[in-house]
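The next block holds one structure in the form of structure tokens; read it before the comments.
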Amino acid sequence: MSHGFDATRGNPPGILLIRRIRGRNWSLQTYRYVVLLVTFIAYACYHASRKPSSIVKSVLYPDTTTVNVQRSWPLGEVFVREELGNGGNVTGGRSKYRGWAPFNGPDGTSKLGEIDVAFLACYSMGMYVAGHLGDTLDLRLFLTTGMIGSGIFVGLFGMGYIWNVHVFGFYLAMQMVAGLFQATGWPSVVAVIGNWFGKRKRGLIMGVWNAHTSVGNISGSLLAASVLDYGWGWSFIVPGGLIFLGGILVFLFLAAYPEDVGFPFLDDPSSAVETVPPNDVESQSRSSSVGSGTKRSVGLVQACLIPGVIPFALSLFFSKLVAYTFLYWLPFYLSQTEIGGEYVSVKSAGNLSTLFDVGGIVGGILAGYISDKLHARAITAASFMYAAIPSMLAYRSYGGISRNVNIVLMMITGLFINGPYALITTAVSADLGTHSSLRGDSRALATVTAIIDGTGSVGAALGPLLTGFLSTKGWDAVFLMLMAGALIAGLLLSRLVVDEISEKAAKRIPSSDAQQGRGDPATQPLLTNKK
């Protein structure tokens, strides 16, 4: 019985138009490519719209005891610090060298930290609600709304420059509302990818796909830095417009569920179909045992009881604390730290910081590939977190020797920090969201992703906030906090690491008892049920 289900209900208008022009349906593989591309662009837009605040920090709050004197250098513009003769008194205004009230006072770094934590706190709290909504509502429309809303409020933050606003509450409010809209993104895109791809090569596929995070950071940095000379507000307005346009792209071309465009539920073993003729789309969707209109969502408590959700969520708390501290503060750190005996400009620091994300792209792909080969998500994630500790120590100790040394160490640090963060938020979340204990109910995908990434986002809010205070005591204190966070993130996965090692040891000594134990889904490792 169809229960009035419309087979084309989830069909995006852009795809319907293309199919009418071509006169035939797409293959399953074509849909997968389109889904990968659209969700990649969508989340790259999300991250691009988060990056401007890190780029403009040194403009909103310059060093109040020094000024920048331009010196020529073959590799780009460089500014050398010289002491102010007036005690460092600066006032708000449009000059990019004098700061912007209310961020240019003695408590400027603290206020910038509060802005970051306001965004991330609303983002993390909104994540839990967004995950449940994502499993209840049409993912395409939900994601579209989130992107358009994010674009509006990111742009409004930048309009504070155009309107000459110097009220701290205005910027705080804009960031808080933007954080709520941004919470719609991650649970939605991971759920869509989980709907279209099984577990067999999910680590590698999602590792490559997760490059959107770093591509977004790089694009956001370059975009924000490129318009900085026109006024810091444009560094928000332009990325805000970008994510707004991205929302329109999602509305037009994102098919959230395979069954909505004529394919059976892909977690069903009978879902080997590659192409469905256009006139069979409706009958195929109606005959599917699990349609997008009939799936039920799970509650937060039930999702938390899935084996592995809580340990990975707590580990991501500390992993994102480290990653987001670099995301929000690395350009500021570069502009305030001597590199080869000189200081880079704010614009050059923003451009230079993108290389951290280049290393992150490699780290995400490498972590996904290794975890697929080893069939061990926890071992891979923990190993990367432990390796991040000496890499951060080396970057802090030797990054100031020269620009080339700084670049190499920055990329290595990005590789080890973003690798496990990318793995947990993508492949691990998708694995747990389709865990066998759910009996194939993919409506847990967005909820599980929201629990894991929402908990991680609380850490992401805490890291930049603590950095705002610790940076006044010196950057050594900040790096000590980051290394401690990486250590704890690895230790929290210890039990899962032991379980994975034990499972691998048991496979070397086959026993009838071990084979009989395969029936209990609550005791299965993440990659046992490969699709």
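Values as computed for the structure displayed
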| read-out | value |
| --- | --- |
| Selection from the range 147-177 of residues that are assigned to a helix (DSSP H, G or I) and β-branched (Val, Ile, Thr) | 148, 152, 154, 162, 177 |
| Candidate set: the range 436-457, residues that are among the hydroxyl-bearing types (Ser, Thr, Tyr) and out of contact with any His (no Cβ under 7 Å at 6 or more places or on another chain); chosen: the one modelled with the lowest pLDDT | 442 |
| Members of the range 368-384 found to be among the hydroxyl-bearing types (Ser, Thr, Tyr) and surrounded by fewer than 24 Cβ atoms within 10 Å (Cβ to Cβ), listed by number | 369, 383 |
| Any hit, the range 461-483, residues being of a type outside the set (S, T, N, Q), in contact (Cβ under 8 Å) with a residue 40 or more places away in the chain and closer than 17 Å to residue 425 by Cα | yes |
| Residue within the range 458-476 that is modelled with pLDDT of 90 or more and exposed (fewer than 15 other Cβ atoms within 10 Å of the Cβ) present | yes |
| Tabulated pairs, the range 223-246, first buried (at least 24 other Cβ atoms within 10 Å of the Cβ), second of a type in the set (Lys, Arg) and part of a helix (DSSP H, G or I), C-beta under 9 angstrom, 6+ apart or interchain | 225/347; 239/50 |
| Residue list for the range 201-232, restricted to those being touching a Ser or Thr at 6+ places or on another chain (Cβ under 6 Å), in a helix (DSSP H, G or I) and under 30 Å from residue 374 (Cα atoms) | 203, 206 |
| Whichever residue in the range 492-509 is free of Cβ contacts under 8 Å to residues at least 40 places away in the same chain, exposed (fewer than 15 other Cβ atoms within 10 Å of the Cβ) and not polar (S, T, N, Q) and, among such residues, is nearest to residue 317 (Cα to Cα) | 498 |
| Residue satisfying condition, being touching a Lys or Arg at 6+ places or on another chain (Cβ under 7 Å), among the polar types (S, T, N, Q) and assigned to a helix (DSSP H, G or I), within set 429, 457, 397 | 457 |
| Of all residues in the range 385-405 being under 22 Å from residue 311 (Cα atoms) and in contact with a Ser or Thr (Cβ under 9 Å, 6 or more places away or on another chain), the one that is surrounded by the fewest Cβ atoms within 10 Å (Cβ to Cβ) | 385 |
| Residue in the range 134-146 that is part of a helix (DSSP H, G or I), modelled with pLDDT under 95 and hydroxyl-bearing (Ser, Thr, Tyr) present | no |
| Residue satisfying condition, being within 30 Å of residue 230 (Cα to Cα), out of contact with any His (no Cβ under 8 Å at 6 or more places or on another chain), in contact (Cβ under 8 Å) with a residue 24 or more places away in the chain and not in a helix (DSSP H, G or I), within set 333, 328, 343, 324 | 343 |
| Identity of the residue in the range 441-478, in contact with a helix residue (DSSP H, G or I) (Cβ under 8 Å, 6 or more places away or on another chain) and among the acidic types (Asp, Glu), that ends up farthest from residue 110 (Cα to Cα) | 453 |
| 1 or more residues under 30 Å from residue 101 (Cβ atoms), at pLDDT 90 or above and out of contact with any helix residue (DSSP H, G or I) (no Cβ under 8 Å at 6 or more places or on another chain): qualifying helices (runs of 4 or more DSSP H) within the range 1-68 | none |
| Residue in the range 513-528 that is loosely packed, with under 14 Cβ neighbours inside 10 Å and either at pLDDT 60 or above or on the phi > 0 side of the Ramachandran plot (or both) present | no |
| Answer from 361, 365, 306 - the residue that is buried (at least 18 other Cβ atoms within 10 Å of the Cβ), in a loop (DSSP other than H, G, I, E, B) and under 24 Å from the mean Cα position of the chain (by Cα) | 306 |
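The values are calculated or read from the model by the stated rules, or taken from the named source; none is laboratory data. Values in this document were obtained by computation on a predicted structure and should not be read as measured data. Using ideal geometry, Cβ is built from the backbone for each residue, glycine included, and neighbour counts are taken over all protein chains shown.
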